[in-house]
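Trainee: Pasting a structure here, questions to come.
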Amino acid sequence: MTGLALVITRVGWFVTFIQIAGGSYLIYLGLAAWITCQGKVIDVANAPRMTKSIGGFRTGIIVELSNPKGIAFFVSFFAVAVPIETELWAKGAVLIGGFLLEVLWYGTVAHLFSTRPIQVLYQKYANWIERITGTLLAGFGISMIVEKI
């Protein structure tokens, strides 16, 4: 990751390209959220159930570690936020801290959304949640592009 940080800090046009590409992708995700939320119905009664917590945890870890968007985000964040001269132990602490935050966040979300009241509440407001999320993503994307142009 130090090599990526070096490229980002030394090649000015590359940073601009990455920021414009990232902003464009956020706009795409925002528009997709608006388009796909139309008439979405989630059948919580027939949702698959995990019989053991460890099975859900294992599935979550596999999904998260195989998600290229999550990996790309964390690698790009790490490359920009952690200076090249940072001690190896500090880089390790950042990685471990990021992992623990991911486990805590996704574990909390999974636990909450496995409860019936939260599922019903989400079902009721799902379209609005998707629209607000889409608007925020597109707004962030536009601001990233405008900042670089």
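Residue by residue, here is whether (1) assigned to a helix (DSSP H, G or I); (2) at pLDDT 80 or above; (3) not small (G, A, S) holds:
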{"position": "G55", "(1), (2), (3)": "yes, no, no"}
{"position": "G70", "(1), (2), (3)": "yes, no, no"}
{"position": "F73", "(1), (2), (3)": "yes, no, yes"}
{"position": "I84", "(1), (2), (3)": "no, no, yes"}
{"position": "K91", "(1), (2), (3)": "yes, yes, yes"}
{"position": "L100", "(1), (2), (3)": "yes, yes, yes"}
{"position": "I118", "(1), (2), (3)": "yes, yes, yes"}
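Trainee: For residues that are in contact (Cβ under 8 Å) with a residue 12 or more places away in the chain and either more than 12 Å from E102 (Cα to Cα) or in contact with a Ser or Thr (Cβ under 8 Å, 6 or more places away or on another chain) (or both), tally how many sit in the range 62-80.
Mentor: Here the count works out to 5.
Trainee: Between a residue in the range 127-149 that is closer than 15 Å to Y25 by Cβ and any residue that is aliphatic (A, V, I, L, M) and loosely packed, with under 13 Cβ neighbours inside 10 Å, which pairs come within a Cβ distance under 9 Å, given they are 6 or more apart or on different chains?
Mentor: Pairs found: G134/I35.
Trainee: Out of all the residues in the range 94-118, which are of a type in the set (F, W, Y) and under 24 Å from S76 (Cα atoms)?
Mentor: F99, W105, Y106 - these are the residues of the range 94-118 that are of a type in the set (F, W, Y) and under 24 Å from S76 (Cα atoms).
The values are calculated or read from the model by the stated rules, or taken from the named source; none is laboratory data. All figures in this text were calculated on a predicted structure; none of them were measured in a lab. Glycine gets a Cβ as well: all are built from the backbone with ideal geometry, and neighbour counts include every protein chain shown.
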